[in-house]
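K.L.:
What follows is a single structure, and I will ask about it in a moment.
None of the figures in this text is laboratory data; all of them are computed from the coordinates on show. Keep in mind it's a predicted model, so treat the numbers as computed, not measured. Note that we place each Cβ from the backbone using ideal geometry, even for glycine, and neighbour counts take in every protein chain shown.
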Amino acid sequence: MRTKQWIRLDNAAKIFPAAAYGSDTQVFRLSCELTEPVNAHILQQALNETAAMFPVYQCVMRRGLFWYYLDSTDLKPVVREEYKPPCSAIYCKSNKGLLYEVTYFKNRVNLEMFHVIADGKGAAVFLTALITKYLTLAHGVSAPSLFINASHTQMSNDSFATYYDDKNHSKAVPRPNSYKIKGAKVAENRLKLITGHVPVDQVLRIAKGYGATITVFLCACLIKAIGSNMSVRAKRKPVVIAIPVNLRSFFPSLTARNFFGLVHVEYDFSTESGTLEDIIQKIGKQLKEGLEPERLYSDLNRFSALEHNVFARIVPLPVKNIVMRTAYLLSRRKVTAALSNIGIINVSFGTDYIRSFDVCSATDSMQVCVCSFENCLSISFTSRFISADIQQYFFRMLVQMGIAVEISSNNVENE
Amino acid sequence: MSQCNQCNVTVRGDNKVCPLCQNPLIGDVGEALYPKIPTVYRQYQLIFKILTALTLSGGIICVGINLMLPQSGYWSVFVVFGIICFWISIIAVIKRRGNLLKSITFQVVSLSLMFIALDFLIGWTGWSLNFFIPISCTVAILSLTIIVKVKKIPTEDYGVYLIANLLFCIVPIVFYFTGLISVVLPTLFCMAVSVVTCVVQIVFEGKNLWREIVKRFHV
């Protein structure tokens, strides 16, 4: 008999089970739209082969007395036609299943993952491998050498633990409470998903014109859009955007699990001018400071130190859940929205058969997820709110700069 | 592909109005991009409402009648107690319906506690300790063992219940040696069954059980 492996949750993942609640399921979706309808049978075959390459994701989450842990399992992933709203909960206490799901709808393949097992970068590697396998099988092409540049142990490495240095961490800088978006919410904790496709070259040209990167440019547009919907009194509080940062680009790692940090940028409409140029300049500077490796490293150490604290470790899990949930809710009061750019997605084969890649994430207020494939930049808003005024302002702003925008939505209000 | 003239964007999918500004779109309506998922309808809600109304009103009526006839004794206490036990069991079963082992474990623990309380209420004769706990523990141990074998449940799924099983074995032994038990036969039978199953489990699954303990209790 094969002895089964089990692993601890990594440092970032430890908060997610406690934080998952209501619409904020801590699930994200990466999807790929093909130019042809998806064949479920071939997709299943491709998924079987891909799953075998990523044993790190073949696991279920269980509750120990002190911590959750991931236990490897023989459960096989099953392809289904899309049957629930985007980013619905995957982990269920009483029914231990895999922590990711592959579904399809017409031309689109969706990969939904519980954030406990991976971040966007890890999921992107998995999805591109799956799509490449699918397209080679569907078109009878001899498979191009599809290999992942990491061994199974490298993929399941906990990079937070690898880099943790308990002698080197700074004190947390207290931040003020931020502006929170308010409004009527969509029923049943569903999320309103609005995706805009824009040409990468056009956005890049305009962002360059402002001397900014795409992330800073889009973040500034988002802040301006949020600002346009704020009342005068609400403007006394700053707008804070959380931007996840892929730590693999700073600390070498081949992990397929979580390895990211957060940088917060803030903008205060009551004291600043509120022009796009000014926002870009202010947050560009903040992001640059936030991305200094020493700063990221001391943040990493600070969060890991919490996990390694003896007193924190011996508290039973149910108590820990309450404490972590409270801490999570308190930290959410200091963030208005999140913007996550998972960057360029590359596939080694079949670009002609792929229309676009999209990414979106569950949230308790508003989240913007960005990724690009070839010349298609995909910007997805997930939001708890019925009103789409912020999204409207954001995309109209891009249109006014001469960018061609193509919108799609899950039309949550029609259901 | 349709067009919104207010936002100047193209809109994909089967929208009739613009997702951004809700103005009517111009052009052909395309195919749906997302499935229509009906909102969840709680199909059993009515049954629960009827049950809640019946038990609540039943309890209140009994307490009322009891207050009118104080010479009949405090019998309504038992009615209210019964209703509470009924609801605890029902809710527990529904919440753990996906997991038979967990459900059995919880039922044994909760029913034992409830029956000890009931025994105490009636005027302590010790029947809960003498009969109910040893018999329910024996049934639980046997059914856990049979379910695990028949359904071929892997160790990591039942390990924690085996640990609970050990507890079932220890509790009657404690009662036995503290002299709380007056009728010893059911307790002795329960002890024999649990010790034998535990020994067999340890012989066959000892390594897995130890791994399970390490996993469940890691700090």
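K.L.:
When a footprinting reagent is the concern and you count Cβ atoms within 10 Å, what order do A:LYS4, A:LYS224 take, fewest first?
P.N.:
Details: A:LYS4 16, A:LYS224 22.
Listed from fewest to most nearby Cβ atoms, that is A:LYS4, A:LYS224.
K.L.:
Can you figure out the FRET efficiency of A:TYR83 with A:GLU188, using R₀ = 22 Å and their beta-carbon distance, to the nearest 0.05? Could the numbers behind the result be given before it?
P.N.:
Numbers: r = 15 Å, r/R0 = 0.67.
So, using R0 = 22 Å, E works out to roughly 0.90.
K.L.:
Once you sort the root eigenvalues of the Cα gyration tensor of region B:21-122 as a ≥ b ≥ c, which label holds: rounded (a/c under 1.5), prolate (a/b larger than b/c) or oblate (the other case)?
P.N.:
Values: a/c = 6.38, a/b = 2.22, b/c = 2.87.
Oblate is the answer for region B:21-122, as a/c is 1.5 or above yet b/c matches or exceeds a/b.
K.L.:
Given a Förster radius of 56 Å and the C-beta distance between A:ARG333 and B:ILE88 as r, what FRET efficiency does 1/(1 + (r/R0)^6) yield to the nearest 0.05?
P.N.:
Numbers: r = 37 Å, r/R0 = 0.65.
For R0 = 56 Å, the calculated efficiency reads 0.95.
K.L.:
Could you list A:PHE394, B:PHE204, B:PHE175, A:PHE373 so that the one with the fewest beta carbons within 10 Å of its beta carbon is first and the one with the most is last? Don't jump to the answer; show the numbers that get you there.
P.N.:
On the way: A:PHE394 26, B:PHE204 10, B:PHE175 18, A:PHE373 22.
Ascending number of Cβ neighbours within 10 Å: B:PHE204, B:PHE175, A:PHE373, A:PHE394.
K.L.:
Oh, and also: Give the separation of the Cα centroids, region A:332-378 to region A:46-106, in Å.
P.N.:
Rounded to whole Å, the Cα centres lie 21 Å apart.
K.L.:
Order of B:VAL199, A:VAL265, A:VAL399, B:VAL29 from fewest to most other C-beta atoms within 10 Å? Can you show the working numbers first?
P.N.:
On the way: B:VAL199 10, A:VAL265 25, A:VAL399 17, B:VAL29 13.
Ordered by Cβ neighbours within 10 Å, fewest first: B:VAL199, B:VAL29, A:VAL399, A:VAL265.
K.L.:
Taking a ≥ b ≥ c as the square roots of the eigenvalues of the Cα gyration tensor of region A:187-414, is the shape rounded (a/c under 1.5), prolate (a/b larger than b/c) or oblate?
P.N.:
Values: a/c = 1.44, a/b = 1.30, b/c = 1.11.
Note, shape of region A:187-414 comes out rounded.
K.L.:
With Kirkwood's inverse mean 1/r over C-alpha pairs for Rh, give me the Rg to Rh ratio of the protein assembly as shown, two decimals please. Intermediate values should be presented prior to the final figure.
P.N.:
On the way: Rg = 28.9 Å, Rh = 28.0 Å.
That ratio is 1.03, to two decimals.
K.L.:
Output the relative contact order of chain A, whole-number percent, from Cα pairs under 8 angstrom with separation of 6+ residues. Can you show the working numbers first?
P.N.:
Values: 781 pairs, mean separation 105.4, N = 415.
Relative CO of chain A lands at 25 percent.
K.L.:
Taking the simple approach of a point 7 Å from Cα along Cα-to-Cβ for both B:VAL214 and A:ASN39, what is their distance in nm?
P.N.:
Distance between the two pseudo-spin positions: 4.6 nm.
K.L.:
Considering every residue in B:28-36, what mean count of other chain Cβ atoms within 10 Å of its Cβ is obtained?
P.N.:
Partner-chain Cβ atoms within 10 Å, mean over residues of B:28-36: 5.
K.L.:
What is the set of long-range amide H partners of A:ASN107 at a cut-off below 5 Å, with H atoms built 1.01 Å from backbone N?
P.N.:
A:VAL38
K.L.:
In peptide B:210-216, how many Cβ atoms from other protein chains are near each Cβ within 10 Å, on average? Walk me through the numbers before you get to the answer.
P.N.:
Working: counts 0, 3, 4, 2, 2, 9, 7.
So the per-residue partner count for this stretch is 4.
K.L.:
From the convex hull of the Cα coordinates of region A:169-252, what is the mean projected area in square nanometres? Show your work: numbers first, answer last.
P.N.:
On the way: hull surface 38.5 nm².
Value for region A:169-252: 9.6 nm².
K.L.:
Given all pairs of different Cα atoms, what value in angstroms does the Kirkwood hydrodynamic radius of region B:125-219 take? Don't skip to the end; give the middle numbers.
P.N.:
Numbers: mean 1/r = 0.0714 Å⁻¹.
Kirkwood hydrodynamic radius for region B:125-219: 14.0 Å.
K.L.:
List the DSSP H helices in chain A whose Cα atoms stretch 24 Å or more along the helix axis and whose mean Kyte-Doolittle hydropathy is at least -0.5. Please report the intermediate quantities before stating the final value.
P.N.:
Details: long enough: A:120-138 (26 Å, 1.15).
Those that pass (Cα extent of 24 Å or more, hydropathy at least -0.5) are A:120-138.
K.L.:
Also, I was wondering about something else. Long-range amide H contacts for B:VAL11: which residues qualify at under 5 Å (H placed 1.01 Å from N, peptide plane, sequence gap of 5 or more or a different chain)?
P.N.:
Long-range HN contacts for B:VAL11: A:ILE407, B:SER2, B:GLN3, B:CYS4.
K.L.:
Does region B:54-213 classify as rounded, prolate or oblate by the C-alpha gyration tensor (a ≥ b ≥ c root eigenvalues; a/c under 1.5 gives rounded; else a/b over b/c gives prolate, otherwise oblate)? Mind showing how you got there, number by number?
P.N.:
Numbers: a/c = 3.86, a/b = 1.73, b/c = 2.23.
Here region B:54-213 falls in the oblate category.
K.L.:
Can you give the Rg/Rh ratio of region A:286-415, where Rg is from the C-alpha atoms and Rh is the Kirkwood radius? Before the final figure, lay out each step's value.
P.N.:
Values: Rg = 19.7 Å, Rh = 18.6 Å.
Taking Rh as the inverse mean 1/r over Cα pairs, Rg/Rh reads 1.06.
K.L.:
Just checking the output field for B:9-19: average partner chain Cβ neighbours within 10 Å of each residue's Cβ? Write out the running numbers ahead of the final one.
P.N.:
Working: counts 13, 6, 5, 7, 5, 2, 5, 2, 3, 4, 17.
Mean number of neighbouring Cβ atoms from other chains: 6.
K.L.:
May I pose another question? Return one number: the angle in degrees, 0 to 90 and rounded to the nearest 10, between the long axis of the Cα atoms of helix B:133-150 and the longest principal axis of the Cα atoms of chain B.
P.N.:
50 degrees
K.L.:
Sticking with this structure for a sec: Find how much the distance from B:LEU180 to B:LYS149 grows on full extension, using 0.36 nm per residue of separation minus their present alpha carbon separation; answer in nm with one decimal. Can you show the working numbers first?
P.N.:
Working: separation 31, 0.36 × 31 = 11.16 nm, distance 3.44 nm.
This chain segment gains 7.7 nm when fully extended.
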